[in-house]
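Worksheet: the structure to be examined is printed underneath.
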Amino acid sequence: MSGALRVRDIINRKITRLKESASVKEAADLMLKNNIGSILVEKKGKSIGIITERDVVKKIVATGLPPTSTKLRDVMSSPLIAIDCNASIGEAVQLMLRRKVRRLIATDGEDIVGIFTERDIVGSFWTCTWCHKRIRRSSLLVPKEKPEFYITCTCGARYHSPCANQIVHCHECSSSLIEMDYPDPEETLSG
Ligand SMILES: [Zn+2]
Ligand SMILES: [Zn+2]
C-alpha cells in the first residue's frame, strides 16, 4: 500500500553532475540530451547546489542573462535540501511544502543517492482500482522496477492489465475493459 512507501522506493537514482564553473548553456544542453529536469552542481567534488529546468527558464530566459557566459554558481538553488532516503513520502512532501522547493536530495548517510521530485510523487500514487496495489510506471526511473502494463478506463479508473483481464468489466462504471487498447508502459515516461 502507498502508506508504506519510502523515499528510496521512488527516487530518481540517475544523478547528473556538473561543476559550478560550467555554463548554463552546458546544463541546458545536458538536460535536453538526457531528458532530465535537474543537475547537481559540484565544487571540488562536493555537491553544493542544484539547477533545474525552472531555474533556467526563470533566471536566464526571463532575465536575458547570456546562457553561455553565466555560470551555474550564479543561478543554482543552494543550499540543497536533503531528506533521508528512509523517510516516508509524507515527510518528504511536508519538507517540500515547508521549504517551498520542488526537488529534494535523498541521502543515505553522507551519500546522495537520488533526487526526489514532485513528479515522482504523482507517478507513485497510481493504484489499481481492483487490487489497490501500486501500478509501477517507468516515470519512477527506479532501475529495479520493471514498468507494468495497465489500462485506463474511460471513467478514469486504472487497472493492472492482469487485473482487468480477470474482472472484465470496470469496477467503477461497468464498461468492458477487454476491448481497450493497452498502452506501452514505456510511453508513460512524462507522466
Ligand atoms: Zn491490480
Ligand atoms: Zn470505468
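The values are calculated or read from the model by the stated rules, or taken from the named source; none is laboratory data. Everything numeric in this text was worked out from a predicted model, so none of it was measured. All Cβ positions, even for glycine, are placed from backbone atoms using ideal geometry, and neighbour counts span all protein chains on display.
Here are some notes:
- Checked against (1) of a type outside the set (Val, Ile, Thr); (2) surrounded by fewer than 13 Cβ atoms within 10 Å (Cβ to Cβ); (3) modelled with pLDDT of 90 or more; (4) farther than 16 Å from ILE11 by Cα, SER161 meets all criteria but (2).
- Of the residues making up the stretch 21-35, not a single one is crowded, with 17+ Cβ neighbours inside 10 Å, under 15 Å from the mean Cα position of the chain (by Cα) and in contact (Cβ under 8 Å) with a residue 40 or more places away in the chain.
- Residue in the stretch 97-148 that is modelled with the highest pLDDT, counting only those that are among the acidic types (Asp, Glu) and more than 14 Å from ligand 1 (Cβ to nearest atom): ASP108
- Scanning the stretch 7-20 for residues that are among the charged types (D, E, K, R) and within 14 Å of the chain's Cα centre (by Cα) turns up ARG8, ASP9, ARG13, LYS14.
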